[in-house]
Amino acid sequence: NKKNIKNSILLNYDSGLNDLGNWYQQLVAESLGKKGKGINPSLSFGPKDHHSLLQLYLDGPRDKFFTFFSYSEIKNKKKISNEVPNNMNFLKKKSLKFIVNAQCKAVKKVFTNKRIPFREINFNKKNETELGKIFTFFVLETILLSHLMKVNPFNQPAVEQIKRETEKLLN
């Protein structure tokens, strides 16, 4: 907050965690976005966003904090064939998941070198226990942040305004 970091970017490297990212975005936005305060949660998808948003993240304003989501399992039956151009031999026989994980590691290394703040949440398993732990963590984190920001995380006065206006228009 003192460094004016108002954007929380979730960099997701596993499409199986997209719903978790959507939930995180909703939790942070609706719980903390009050009284002119808040954190803007955005979702970004690696490696898709490497050639678009990553330029902004690496060389744009330093107003963002990053959370990497990844899944450590590398097992993947889909592999790059041997039929690749000579300048791409490094891809031969690599699984797509292995390549995505390498891209994620590369981004974290560059972030570290550039001193861009980030944290990483790497799932060893995707099951109810692991998801329950991360849900609990994010809820507690949001409650603590709301206390520091002096906002009530449990109401949505602006959203209630829209509901009332919509009801008037429908009557």
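One residue stands out among those in the stretch 72-98 that are in contact (Cβ under 8 Å) with a residue 24 or more places away in the chain and closer than 14 Å to Pro47 by Cα: the one that is least open to solvent (accessible area, probe 1.4 Å), which is Lys97.
Figure legend. Inter-residue proximity from the stretch 104-116: first residues among the charged types (D, E, K, R), second residues open to solvent by 30 Å² or more (accessible area, probe 1.4 Å), beta-carbon distance below 8 Å, spacing 6+ or different chains. Indicated pairs: Lys108/Phe118; Lys108/Glu120; Lys114/Leu58.
Might you check whether a residue that is closer than 23 Å to Arg115 by Cα, among the charged types (D, E, K, R) and not in a helix (DSSP H, G or I) occurs anywhere in the stretch 55-62?
Of the stretch 55-62, the ones closer than 23 Å to Arg115 by Cα are 55-62.
If we keep only those that are among the charged types (D, E, K, R) too, we end up with 59, 62.
Applying the additional criterion that residues be not in a helix (DSSP H, G or I) yields 62.
There is at least one residue in the stretch 55-62 that is closer than 23 Å to Arg115 by Cα, among the charged types (D, E, K, R) and not in a helix (DSSP H, G or I).
The set of residues in the stretch 31-71 being in contact with a helix residue (DSSP H, G or I) (Cβ under 7 Å, 6 or more places away or on another chain) and open to solvent by 50 Å² or more (accessible area, probe 1.4 Å) consists of Lys37 alone. Checked against (1) polar (S, T, N, Q); (2) out of contact with any helix residue (DSSP H, G or I) (no Cβ under 8 Å at 6 or more places or on another chain); (3) at pLDDT below 95, Asn1 passes all but a single condition, namely (2).
Test Arg119 against the stated conditions and say whether it is exposed (fewer than 12 other Cβ atoms within 10 Å of the Cβ) and either within 21 Å of Lys64 (Cα to Cα) or acidic (Asp, Glu) (or both). Explain how you work it out, then say what you get.
Values: exposed (fewer than 12 other Cβ atoms within 10 Å of the Cβ): yes; either within 21 Å of Lys64 (Cα to Cα) or acidic (Asp, Glu) (or both): yes.
So Arg119 passes the test.
Return the only residue of Leu131, Leu169, Leu144 being open to solvent by 80 Å² or more (accessible area, probe 1.4 Å), aliphatic (A, V, I, L, M) and within 19 Å of Leu27 (Cβ to Cβ). I'd like the intermediate steps shown before the answer.
On the way: Leu131 fails: open to solvent by 80 Å² or more (accessible area, probe 1.4 Å); Leu169 fails: within 19 Å of Leu27 (Cβ to Cβ).
Within the list Leu131, Leu169, Leu144, the selection yields Leu144.
I'd like the residue in the stretch 151-166 that is open to solvent by 100 Å² or more (accessible area, probe 1.4 Å) and free of Cβ contacts under 8 Å to residues at least 12 places away in the same chain and, out of all such residues, is farthest from the chain's Cα centre (by Cα).
Filtering the stretch 151-166 down to residues open to solvent by 100 Å² or more (accessible area, probe 1.4 Å) leaves 154, 161-164.
So of that shortlist, the ones also free of Cβ contacts under 8 Å to residues at least 12 places away in the same chain come out as 161-164.
Working: Gln161: 29, Ile162: 28, Lys163: 29, Arg164: 32 Å.
So the residue we want is Arg164.
The requirement of being part of a loop (DSSP other than H, G, I, E, B), hydroxyl-bearing (Ser, Thr, Tyr), within 15 Å of the chain's Cα centre (by Cα) and surrounded by 16 or more Cβ atoms within 10 Å (Cβ to Cβ) is fulfilled somewhere in the stretch 2-23, by at least one residue. Restricting Phe138, Phe111 to those that are at pLDDT 95 or above, within 27 Å of Lys34 (Cα to Cα) and touching a Phe, Trp or Tyr at 6+ places or on another chain (Cβ under 7 Å) reduces the list to Phe138.
Pairing each residue of the stretch 1-25 that is closer than 9 Å to Leu43 by Cα and of a type outside the set (D, E, K, R) with any residue that is open to solvent by 50 Å² or more (accessible area, probe 1.4 Å) and modelled with pLDDT under 90, provided the two are 6+ apart or on different chains, yields no C-beta distance under 9 Å.
The values are calculated or read from the model by the stated rules, or taken from the named source; none is laboratory data. Note that the coordinates shown come from a computational prediction; the quantities given were computed from them, not determined experimentally. FYI the Cβ positions are ideal-geometry reconstructions off the backbone, even for glycines, and counts take in every protein chain you see. These accessible areas exclude ligands, DNA and RNA; they are computed on the full protein's heavy atoms, side chains included. Shrake-Rupley method; radii C 1.70, N 1.55, O 1.52, S 1.80 Å.
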